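A.B. asks: Would you mind keeping the following structure in view while I ask a few things?
The values are calculated or read from the model by the stated rules, or taken from the named source; none is laboratory data. No experiment lies behind these values; they were computed from the predicted model shown. Using ideal geometry, Cβ is built from the backbone for each residue, glycine included, and neighbour counts are taken over all protein chains shown.
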Amino acid sequence: MFGINRGLSRYKVGWFLLLGLASLFALLYLGSSFFPGVIDPNINKYFPQTLVEKARIYNFPIRILYIIKFFVQVALLSWLLLSSGGQNLFYRIRKFGSHYWLISVLSILCVWFLVKILSLPFSYYIGFYWQKVWGFSTQSQTAWWFDYLKNAGIDLLITLAGGLIFFWLVNRLSRYWWLVGAIFFSIALVIQYLCWPILISPFFNHFEPIADPAIVTMVDNLAQRAGLHINGVLVMDASKQTTLANAYFTGIGATKRIVIYDTLLRNYSFPEVEAVIAHEMGHWRHNDVIHGLFYGMIGGFTVLGLLTFFLKPWLPKNNKKPPELWVALQLALVLLLFVSNPLQNAVSRDMELKADYFSLELTGNLPVEIQLQKDLAGTSLADLTPPSFVVWFSYDHPPALTRIHALEKGY
C-alpha cells in the first residue's frame, strides 16, 4: 500500500538506529535501577540510613514501571504499524466510509484510545495506588478518577486538533509541511505557556493570593532585593491531592506567577518558605520560562525536521496520506522524545542549581537552604543516592546531595 514496504526497506536503518539507541538507554536505566550500587557514605552526614533505604524501596517500582510502560507503548505502536493485525484494524476503519477526514479522525481517536487504555494501569498504580500505600495521596479513588478523566479529556482535544492540523499540512504542503508545522507548534507553545495557568490549571485546583501578612511582607522584601516586580504569588490547594510540598514558577507576560502549595505553608518553617519563594524568584529573574519556551521551539523544529526522514515511507507524493502515518508519527515521537531526555533534563538541572544559588544570595541563610533540601527530600522520599545514569537520563532536578554540596560550595 502506497509503496510503504519498499519505503521501509530504504529507511529501516534509521529506524533501527533510533530504536536501538532508545532500547540501549532503557536497558541501562533498568540495569541501574536493579543494581543501583553502594550508598554514598557522605549521605549519612545529612540523612539517616533508614531514610536512604526507605527511599530506594519507594522509588524502585516507579522506575521499573516507567521503562516497562515505554516498551509496551513501543510494542503497541509497532504492532499497529507493521503487523497484519494492525493493517486489518485500519482496513476496518476505512470501511466506515470514503470521506478522508472521517477516516483520519477515526484513526486518531482509535490510536489515542488504545494507547490510553494501555497506559491506564501504569497511571493508576504509580499515580494513585503507590502514593496511597506510602501515605502521599489524600485523594479518594473517585477524586483521582475525576482528575484523570479531566486530564484525558484535555489530552484528547489537543491530540485531535494537533492530528487534524498535521494531516492538513502533509496533504497540502508535501515538501515543507514540517517547517510550517514547526511554526504552528511554536505558536501553540506560546499560547500554552500564556493560557495554561489561567485556563487549564483552575480545572484541577483553586488558586488565591497569599493572605498571611507576614509572608506578603516577606515577598515584597525579597522582590525589592531581587530587583523584581512580582505580579503575584498564589497559594494552590494541593492538600486535596497530596501531602507533598512544592512550588513552581509559570506563565509568561501578564500570566507570570509563583505558585506555592498550601502544604508548604502548613508544614515548613517561615525561613524555609522564604527560601522556596526566593528560589522561584531565581527562575523569574533568570527568565527560565522564556528560555524553556525558546528551547521548546528549537526542539520542535529539530524533531519535525527529523520526522521528514522517519515518516518518508508513509508520505506518498501524489496520494492522500494514509491513516497509518499517524501511528508512524506517534512511534517516532515516542522514540525521539525518549532519547532526547538527557539533553532536556540537563538544561533543567542547570536552571535549578542556578535558582538555588540565587535563593542563597537573596536569603543569605545557608543552614536554612540546606535544611530545606533535607526536608523536601525526606518528606517526598526522593532517592538520596540515585544511580548516576538514572540522574543523567531522567532527573530534571539535581539530587538532594548534589544541591546541598553546590550550596556549600557557593555553586
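A.B. asks: Please enumerate the residues belonging to segment 309-323 that are assigned to a helix (DSSP H, G or I) and either surrounded by fewer than 16 Cβ atoms within 10 Å (Cβ to Cβ) or under 21 Å from the mean Cα position of the chain (by Cα) (or both).
C.D. replies: Phe309, Lys312
A.B. asks: Residues to consider are Leu329, Leu333, Leu337, Leu353; find the one that is modelled with pLDDT of 95 or more, in contact with a Phe, Trp or Tyr (Cβ under 8 Å, 6 or more places away or on another chain), assigned to a helix (DSSP H, G or I) and farther than 30 Å from Gly227 by Cβ. Working first, answer last.
C.D. replies: Working: Leu333 fails: in contact with a Phe, Trp or Tyr (Cβ under 8 Å, 6 or more places away or on another chain); Leu337 fails: in contact with a Phe, Trp or Tyr (Cβ under 8 Å, 6 or more places away or on another chain); Leu353 fails: farther than 30 Å from Gly227 by Cβ.
Answer to the check: Leu329.
A.B. asks: Also: Leu362 fails exactly one of the following numbered conditions: (1) out of contact with any Leu (no Cβ under 7 Å at 6 or more places or on another chain); (2) assigned to a helix (DSSP H, G or I); (3) buried (at least 18 other Cβ atoms within 10 Å of the Cβ); (4) in the same structural domain as Lys256 (by TED's automatic domain parsing). What is the number of that condition?
C.D. replies: (1)
A.B. asks: Next question, about the same structure. Looking at (1) surrounded by fewer than 17 Cβ atoms within 10 Å (Cβ to Cβ); (2) over 22 Å from Leu293 (Cβ atoms); (3) out of contact with any Lys or Arg (no Cβ under 7 Å at 6 or more places or on another chain), which is the only condition Val111 fails?
C.D. replies: Result: Val111 passes all but (1).
A.B. asks: Scanning for something surrounded by 14 or more Cβ atoms within 10 Å (Cβ to Cβ), farther than 30 Å from Thr379 by Cα and either out of contact with any Phe, Trp or Tyr (no Cβ under 9 Å at 6 or more places or on another chain) or assigned by TED's automatic domain parsing to the domain that holds Asn59 (or both), does segment 195-206 turn up at least one residue?
C.D. replies: Within segment 195-206, one or more residues are surrounded by 14 or more Cβ atoms within 10 Å (Cβ to Cβ), farther than 30 Å from Thr379 by Cα and either out of contact with any Phe, Trp or Tyr (no Cβ under 9 Å at 6 or more places or on another chain) or assigned by TED's automatic domain parsing to the domain that holds Asn59 (or both).
A.B. asks: Which of the residues that make up segment 41-56 are in a helix (DSSP H, G or I) and either under 14 Å from Gln373 (Cα atoms) or of a type outside the set (Asp, Glu) (or both)?
C.D. replies: Those that are in a helix (DSSP H, G or I) and either under 14 Å from Gln373 (Cα atoms) or of a type outside the set (Asp, Glu) (or both): Pro41, Asn42, Ile43, Asn44, Lys45, Gln49, Thr50, Leu51, Val52, Lys54, Ala55, Arg56.
A.B. asks: I want to confirm something. Restricting to segment 365-411 and keeping residues that are β-branched (Val, Ile, Thr), assigned to a helix (DSSP H, G or I) and touching a helix residue (DSSP H, G or I) at 6+ places or on another chain (Cβ under 7 Å), which single residue is nearest to Leu24 (Cα to Cα)?
C.D. replies: Result: Val390.
A.B. asks: Give me a count of the residues in segment 180-207 that are over 28 Å from Asp237 (Cβ atoms) and free of Cβ contacts under 8 Å to residues at least 40 places away in the same chain.
C.D. replies: Of the residues in that region, 5 qualify.
A.B. asks: To continue, here is another question. Considering only helices (runs of 4 or more DSSP H) fully contained in segment 57-140, which possess at least 1 residues that are charged (D, E, K, R) and over 24 Å from Leu331 (Cβ atoms)?
C.D. replies: 130-133
A.B. asks: Checking the structure you have, find out if any residue of segment 173-187 is in contact with a strand residue (DSSP E or B) (Cβ under 6 Å, 6 or more places away or on another chain), crowded, with 18+ Cβ neighbours inside 10 Å and under 28 Å from Trp284 (Cβ atoms).
C.D. replies: No: zero hits.
A.B. asks: Every residue in segment 282-308 that is part of a helix (DSSP H, G or I), out of contact with any Ser or Thr (no Cβ under 9 Å at 6 or more places or on another chain) and polar (S, T, N, Q), please.
C.D. replies: Matches in segment 282-308: Thr308 only.
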